[in-house]
Amino acid sequence: MTTATISFVSPYERRVALVAEALRTNSALSEADARALAVHALSALDHIPEVVR
């Protein structure tokens with residue numbers, strides 16, 4: 001019998017990965033630097049009221 005491995009990726013982690021990939025594609029940032037910048041960018045965006053976004 002085989003068992004399937006299911007890995008859960010939160011919506012937040014998907015957003016971080018999406019932003020980090022965009023940063024890496026359009027710059028010379030390393031993966032770690034792009035991820036750190038993505039976390040900061042998403043944190044800043046999350047503090048903007050939804051009505052304004």
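The values are calculated or read from the model by the stated rules, or taken from the named source; none is laboratory data. Computed from a prediction, not measured in an experiment: that's the story for all the values here. Cβ: placed from backbone, ideal geometry, glycine included. Neighbour counts: every protein chain shown.
For this structure, a couple of remarks:
- Checking each residue in region 2-22 for being modelled with pLDDT of 95 or more and of a type in the set (A, V, I, L, M) picks out Val16, Ala17, Leu18, Val19, Ala20, Ala22.
- Of the residues making up region 1-39, those that are assigned to a helix (DSSP H, G or I) and either loosely packed, with under 11 Cβ neighbours inside 10 Å or touching a residue at least 40 places away in the same chain (Cβ under 8 Å) (or both) number 5.
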